[in-house]
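The values are calculated or read from the model by the stated rules, or taken from the named source; none is laboratory data. Model, not experiment: these values are computed from the prediction. So basically every Cβ, Gly included, is an ideal-geometry build from the backbone, and we count neighbours across all protein chains shown. Ligands, DNA and RNA are stripped out before the accessible areas are found, and what is left, the full protein with its side chains, is counted by its heavy atoms. Shrake-Rupley method; radii C 1.70, N 1.55, O 1.52, S 1.80 Å.
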Amino acid sequence: MRVTNTATIVFALSLTAMTAQAGTLEDVQARGELNCIVTTGVAGFAAPDENGRWEGVDVDLCRAVAAAVLGDGNKVKFIPTTGKTRFTILNSGEGDILFRNTTETMSRDVDLKLTFLPVSYYDGQGFIIRKNLGITSAKDLEGASVCIQTGTTTELNLADFMRVNNISYEPVAIETNEEGITNYTANRCDTFTNDASSLAATRAALEDPSAHIILPEIISKEPLAGAVRQGDDEWADIGKWVVNALINAEELGVTQANVAKLASKAGNNPSINRILGTESNMGEMIGLDNAWAVRAISAVGNYGESFDRNIGPNTPIALERGLNALWKDGGILYAAPIR
């Protein structure tokens, strides 16, 4: 009897938790604002500009979701978080969705009870170091002090790499990317390790970028993706298909400039028609109207436009598409079809 009662209580508590998590779409629409969890500041991905307006690739994803569900990409409250606090804030309900340079892993999915959205940036961990130290390989970092953000996969990857290569090192714990940059520029650590994309942003912001190099080794796989709490499939579907819509839009040639015209009437391409709502009822499947993707694309452009505007070759970050090019252009970026 005791086992049965315990099992019943556990099941009831689980059901209650799932019920409490459900209805995020309704909560967001009733509030009239999307609470989007971002980093405390990584140029090109999520950082406030000189006027305090948030911008970046992750910010665009927040705005795209807000446009899809609220009709306005500006109806977003950005919640800056550290590596340690981001998941607590998401699972507590303080944030509705997370777009924050976050790597999808098994433990985060299964143990932390997150539902990950499609990968929005394929990255890998690297090291930045001053040229005058004469180090050209991460395998030559014996005895080096390393600035490392705690509570991240970066911390674990570093430990694995150093262990495999029998390299001793001195970790210098930091909480935020800004703290890492401060410590690195003040020579409190010999090298700073982070996602390669973040290191490119860091290097571009230094007083003399040419005095620093990013070492050639990439020591991990970092599939960066948005996330929501488990237990609300409708909300997860909205996040998933907004990301997919932006990637598919680039593949199909739908841009911020032409989306309104293409959405004004059905054309000859059924794939475009389905995304833009001029054919079939895809929006109804996720609890929205059929213009949800039109609003998302109108707010931030397609994936390629967001990439080029925030971190592309003509920005200070100067990243090439690389792995993040569309699959048909030699990359591995591949969105599930909207049909």
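Observations, loosely collected:
- Of residues in segment 322-337 being part of a loop (DSSP other than H, G, I, E, B) and in contact with a Phe, Trp or Tyr (Cβ under 7 Å, 6 or more places away or on another chain), the one farthest from V243 (Cα to Cα): I332
- Residue count, segment 249-263 (criterion: without any contact (Cβ under 8 Å) to a residue 40 or more places away in the chain, closer than 9 Å to L276 by Cβ and either part of a loop (DSSP other than H, G, I, E, B) or open to solvent by 50 Å² or more (accessible area, probe 1.4 Å) (or both)): 1
- Unmet requirement for R163, which otherwise passes all of (1) free of Cβ contacts under 8 Å to residues at least 12 places away in the same chain; (2) within 26 Å of P48 (Cβ to Cβ); (3) basic (K, R): (2)
- Single residue of segment 142-169 satisfying the filter (in contact with a helix residue (DSSP H, G or I) (Cβ under 8 Å, 6 or more places away or on another chain) and buried (at least 19 other Cβ atoms within 10 Å of the Cβ)) that is nearest to L112 (Cα to Cα): Q149
- Any hit, segment 293-301, residues being modelled with pLDDT of 95 or more, more than 30 Å from S210 (Cβ to Cβ) and not in a helix (DSSP H, G or I): yes
- Residue within segment 106-114 that is within 26 Å of N244 (Cα to Cα), basic (K, R), at pLDDT 95 or above and open to solvent by less than 50 Å² (accessible area, probe 1.4 Å) present: yes
- So A325, is it closer than 18 Å to A225 by Cα, without any contact (Cβ under 8 Å) to a residue 60 or more places away in the chain, touching a strand residue (DSSP E or B) at 6+ places or on another chain (Cβ under 9 Å) and surrounded by fewer than 21 Cβ atoms within 10 Å (Cβ to Cβ): yes
- Restricted to segment 67-89, and to residues there that are in contact with a Lys or Arg (Cβ under 6 Å, 6 or more places away or on another chain) and assigned to a helix (DSSP H, G or I), the residue that is nearest to T40 (Cα to Cα) is R86.
- Of all residues in segment 62-102, those that are open to solvent by 10 Å² or more (accessible area, probe 1.4 Å) and within 11 Å of G226 (Cα to Cα) total 2.
- Given (1) surrounded by 15 or more Cβ atoms within 10 Å (Cβ to Cβ); (2) under 30 Å from A138 (Cα atoms), number of the condition A211 does not satisfy: (1)
- Screening segment 115-132 for residues that are open to solvent by less than 20 Å² (accessible area, probe 1.4 Å) and either among the β-branched types (V, I, T) or under 14 Å from the mean Cα position of the chain (by Cα) (or both) and picking the one that is farthest from S145 (Cα to Cα) gives L117.
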